[in-house]
Amino acid sequence: MTECAIDYRHFRDVLEGLGCPYISALDNESLRELLFKPGEARLRFFTWLISQISRHVDTELNSPVLTANVKDSKIQRLLKVTSGLGLCGRNDYELIQGNCSMKRQARFYTHTLDLLSAKSDIARDPTLSEDQNTTSLCNTSSRNSYTIVEELTTSPAFKDIFSTSLNIFPPSLVCFTKTGGKKSLPSLEKLEDRGSKLEEELACIHEKLAAIQEKHQAFEEMDCDRLVSHRKTLTNTMTTLNQMLGSFAECYTAEFKHWSDRPPAQLNDIGSELSSS
């Protein structure tokens, strides 16, 4: 992803809507450095962004137990929390540090900001608390899952999954076995008639292929020495043609171009009298 493909306006609008304290009075260049340039400023912004997802993130980032168990406290804690939220892998150090590609970082920011925007939209409902919002989301998810399962179980083809009947014929022969709603074996005469028709069709196809092969001879394989010889000949020919074109261009520039660039001659009054007489 090139820099021109990154929608900084979208990032700015979403971050301003979330109340980000780090983007006020920043132009696009400064915003680009904040988002993608490794450094302390990016780590502060990254920490704030992750802390907006859950109210427990700040506690985990400042946990003394976690600090004692990791060496690089800031990067490791951010990586542990971010991977625990499912936003990156457990070994995505470069993403946390900002040393990966802009395309990958922009994809991470887009995904994270989409999650924060969805959370912000839910939180705007003044009639529901945070626990009620979570319960409402769970109920909605449960209803959607129940609807999908109900549509699957009531579909006409669902009963075929648990069908105990066994059909020994392939689908191409099922039509021959259905007579009056009862399944029966095809007669020997029908099978022989069908076999003879297939034999005639195959013979006709074989004749057409033979005619095509006779009309259009296949390309004969050439040995490597002949191929190398033809390649050298073609290379010499193209080199000679290139030299001839260069010589013609020089000759045209020296001998003909100054004539073709001249404006057409204009006759004066005397010339007009002479041409009319």
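The values are calculated or read from the model by the stated rules, or taken from the named source; none is laboratory data. Please read these numbers as outputs of a predicted model, since none were measured by experiment. Neighbour counts run over all protein chains shown; Cβ positions are idealised from the backbone, glycine included. With ligands, DNA and RNA removed, areas are computed over all heavy atoms of the protein, side chains included. Shrake-Rupley method; radii C 1.70, N 1.55, O 1.52, S 1.80 Å.
The rows are residues; the columns are (1) modelled with pLDDT under 85; (2) within 26 Å of residue 7 (Cβ to Cβ).
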position: 63; (1), (2): yes, no
position: 67; (1), (2): yes, no
position: 100; (1), (2): no, yes
position: 115; (1), (2): yes, yes
Near pairs, Cβ below 6 angstrom, 6+ apart or cross-chain, from the stretch 89-108 (closer than 17 Å to residue 40 by Cβ) to any residue that is in a helix (DSSP H, G or I) and among the aliphatic types (A, V, I, L, M)
96/75; 96/78; 96/79
Taking the options 196, 276, name whichever one is at pLDDT 85 or above and of a type in the set (S, T, N, Q).
196
Exactly one of 85, 113 is closer than 20 Å to residue 18 by Cα, open to solvent by 20 Å² or more (accessible area, probe 1.4 Å) and in contact (Cβ under 8 Å) with a residue 24 or more places away in the chain, and that one is 85
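Mind checking which residues of the stretch 3-23 are of a type outside the set (A, V, I, L, M), in a loop (DSSP other than H, G, I, E, B) and modelled with pLDDT under 80?
Answer for the stretch 3-23, where residues must be of a type outside the set (A, V, I, L, M), in a loop (DSSP other than H, G, I, E, B) and modelled with pLDDT under 80: just 7.
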